[in-house]
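Right, one structure below, let's go through it.
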Amino acid sequence: MIYPRLKLARNLLTDDGAIFISISDGEVENIKKICNEIFGDYNFVGNIIWNSTKSVTNTALISVSHTYNLIYFKNMDYFVKNRGEFRLPDDGEGFSNLDNDSRGLWKADPFQVGGWRPNQQYGITNPNTGKTYYPNANCSWKNDFDRFQELLKDNRIVFGKDGESAPQRKRFIWEAKERGKVSKTWWDDVETTTNGTQLLKKIFGGKSLFDNPKPIELIQKMLYLGTSENSIVLDFFSGSATTAHAVMKLNSENNENRKFIIVQIPEPTDEKSEAYKAGYKNIAEIGKERIRRAGDKILSESENKELDIGFKVFKLDSSNLNKWNPDYNNLEQTLIDSSENLVPGRTELDLIYEIMLKYGIDLTLAIEEYVIDNKKIYSIGFGSLLICLDDNITKEIATEIIKLKNELAPETIRVVFKDNGFASDSDKTNIKETLKSNDIDEFITI
């Protein structure tokens, strides 16, 4: 199950994309081999160890208290050139203002760096002690001498808290927040699965519906590292929908616009479980309800009342269109049956989404409905796709579609009809030619 999903995940990642894979210690070696094959070991970023539980399993020889989180890039070369895009926010820890600098809080960073550079080898004299410092062996100062003089003049060089140490460079908190900070491989500063369980119980009025859900703080930290404000976040194993919750919360806190796609097999809940007794017959239903409840709470507490907490649910199924499956012993009946090409029980909206998928149109776009001459026309993408699935369509509809096109003014346009929806073959031909003469060349029937 995991191999095809990871193959698909790699194809879906953008060049600046990253994948985080949470895995137990029993499977980490196997999953790393698979990921090295799919993503390439060159694109392996690191393995973050999350302190996932504080409790101890007394029956174990060694009580496992951590989870592995493997990180791979789609394109390591991109991040080598753009390291600043893979950073955590700097929380300001360790910043102060010992000299009351008007520019605000600062932290002293070492002025010495590794590596020998000939233009960064010079003496720096501490004005308080008269002692002259040089870089250590195989090291250099961070900047050349001219830049050092500029920093000194700008009150950016300090010599320790007591003024009697080697040179250091001021880094102001506003600079740190712009740049962010490098992540470490040990994460014990986020909540545990116990906290994730407590939050989920709180959302569902004290009911325990899911075992060991991840805390949203963990996912938010991953989002800070691997996404930007308009990223699309995909979770292939969504479980209780912690990822969706974390995305909405982060958007609310930072006034951003990430989108989420979460995938969950509708695995049945145990009939004896509290989830089943509460009406949730499968795990996916728990996730959907969590998104609704968490979204409502986030919106009620957010200053941004325009925050988008909406979501759409899609289920994997067969096509909405009947397949041509002739009965060679009764071709006449086959032709009669094929006159209705929509699968019984499916709705127009089902078919519209299938059309959008086939043409690669964003499923989050609004679907607007127009009624013209008692015929329903659906507009997607501000008129870039117009769909009419009614019957007895006559040539007059072409004039109305042209008016709608001129009103919405899309850059490109395609029009889709039901093949058996035209009043006659001549109406179909007339509509096609009329639209073509008005720069609507994509005339599609299904």
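Please treat every number below as a calculation from the coordinates, not as lab data. These numbers were taken from a predicted model, which means no experiment stands behind them. FYI the Cβ positions are ideal-geometry reconstructions off the backbone, even for glycines, and counts take in every protein chain you see.
For segment 106-179, what log10 I(q)/I(0) values come out of the Debye formula at q = 0.13, 0.17, 0.27 1/Å, with one point per alpha carbon and no solvent?
-0.37, -0.64, -1.35
In the neighborhood of MET356, defined by Cβ-to-Cβ distances under 14 Å, what is the net charge if each Lys or Arg adds +1 and each Asp or Glu adds -1? Working shown, then result.
On the way: positive: LYS312, LYS358, ARG414; negative: GLU348, ASP350, GLU354, ASP362, GLU368.
Local charge sum for MET356: -2.
Take the Cα radius of gyration of segment 172-282 and divide it by 2.2 N^0.38 Å, with N its residue count; two decimals is plenty. Don't skip to the end; give the middle numbers.
On the way: Rg = 16.3 Å, N = 111, 2.2 N^0.38 = 13.2 Å.
Rg over 2.2 N^0.38 Å, computed on Cα atoms: 1.24.
Distance from a point 7 Å along Cα→Cβ of GLU354 to each backbone N in segment 390-418: keep the residues under 13 Å and list them by number.
418
Determine the gain in length on full extension of the stretch ARG346-ARG83; use 0.36 nm per residue of separation and subtract their C-alpha separation, reporting nm with one decimal. Don't skip to the answer; put the middle values down first.
Numbers: separation 263, 0.36 × 263 = 94.68 nm, distance 4.86 nm.
Answer, rounded to one decimal: 89.8 nm.
How tilted is helix 2-12 with respect to the longest principal axis of the chain? Cα atoms for both, answer in degrees (0 to 90, nearest 10).
For 2-12 against the chain, the angle is about 90 degrees.
Might you report the magnitude of the Cβ-based charge dipole of the chain about its Cα centre, with Lys and Arg at +1 and Asp and Glu at -1, to the nearest 20 debye?
Values: 58 positive and 68 negative charges, 362 e Å.
That gives a dipole near 1740 debye.
Amide H of ILE393 versus every other amide H placed in the peptide plane: which residues, excluding those fewer than 5 positions away on the same chain, fall under 5 Å?
PHE422, ALA423
Give me a comma-separated list of calculated 3J(HN,Hα) values for segment 42-57, in order, Karplus coefficients 6.51, -1.76, 1.60 applied at θ = phi - 60°, integers in Hz, x for any Gly or Pro.
So the J values, rounded to whole Hz, are 5, 8, 6, 8, x, 10, 8, 9, 9, 6, 7, 8, 9, 7, 10, 8.
Nearest 5 percent is fine: what portion of the DSSP beta bridges confined to the chain is antiparallel?
Numbers: 37 of 52 bridges.
If we restrict to bridges inside the chain, about 70 percent are antiparallel.
On the Cα set of segment 403-446, report Rg and Dmax in Å, please.
For segment 403-446, the Cα-based Rg and Dmax read 10.9, 31 Å.
Quick check of the Kirkwood formula: for segment 331-445, what is the inverse mean of 1/r over all pairs of different Cα atoms, in Å?
14.8
Given labels modelled 7 Å from the Cα in the Cβ direction, how far is it in nm from ARG293 to THR394?
Taking the two extended label points, one gets 5.5 nm.
If you stretched the chain out fully between GLU29 and PHE44, how much longer would it get, using 0.36 nm times the residue separation minus the C-alpha to C-alpha distance? Provide the component values of the computation, followed by the final result.
Values: separation 15, 0.36 × 15 = 5.40 nm, distance 1.35 nm.
Fully extending the segment from GLU29 to PHE44 adds 4.0 nm.
Express in nm, to one decimal, how much length is gained between SER424 and ASP270 on full extension, taking 0.36 nm for each residue of separation and deducting their alpha carbon distance.
Details: separation 154, 0.36 × 154 = 55.44 nm, distance 5.50 nm.
Between SER424 and ASP270, full extension yields 49.9 nm more.
Pairing the Cα long axis of helix 425-436 with the longest principal axis of the chain, what angle in degrees results, from 0 to 90 and rounded to the nearest 10?
Tilt relative to the chain: about 40 degrees.
Given a Förster distance of 51 angstrom, what is the FRET efficiency for SER96 paired with VAL371, based on the Cβ-Cβ distance and rounded to 0.05? Mind showing how you got there, number by number?
On the way: r = 66 Å, r/R0 = 1.30.
So, using R0 = 51 Å, E works out to roughly 0.15.
What do you get for Rg/Rh over the chain if you use C-alpha atoms and the Kirkwood form of Rh?
1.10
Compute the acute angle (0 to 90°) between the alpha-carbon long axis of helix 28-39 and the principal axis of greatest extent of the alpha-carbon atoms of the chain; round to the nearest 10°.
70
Any idea what the relative contact order of segment 331-445 is, in percent, if you count C-alpha pairs under 8 Å spaced at least 6 apart?
Working: 136 pairs, mean separation 24.2, N = 115.
Contact order relative to length: 21 percent.
Can you give the helix-only mean residue ellipticity at 222 nm for the chain, where every DSSP H stretch with n ≥ 4 adds -39500 (n - 2.57) and the sum goes over all residues, rounded to the nearest 500 deg cm²/dmol? The partial results should precede the final answer.
Numbers: 14 runs with 146 residues, N = 446.
The helix contribution divided over the chain gives -9500 deg cm²/dmol.
Report, please, the projected area of segment 84-222 averaged over directions, based on the convex hull of its C-alpha atoms, in nm². Write down the numbers at each step before the final one.
Values: hull surface 48.3 nm².
Orientation-averaged projected area of the Cα hull: 12.1 nm².
What are the principal axis extents of the Cα atoms in segment 1-151, in Å, biggest first?
Reported extents, whole Å, longest axis first: 66, 41, 34.
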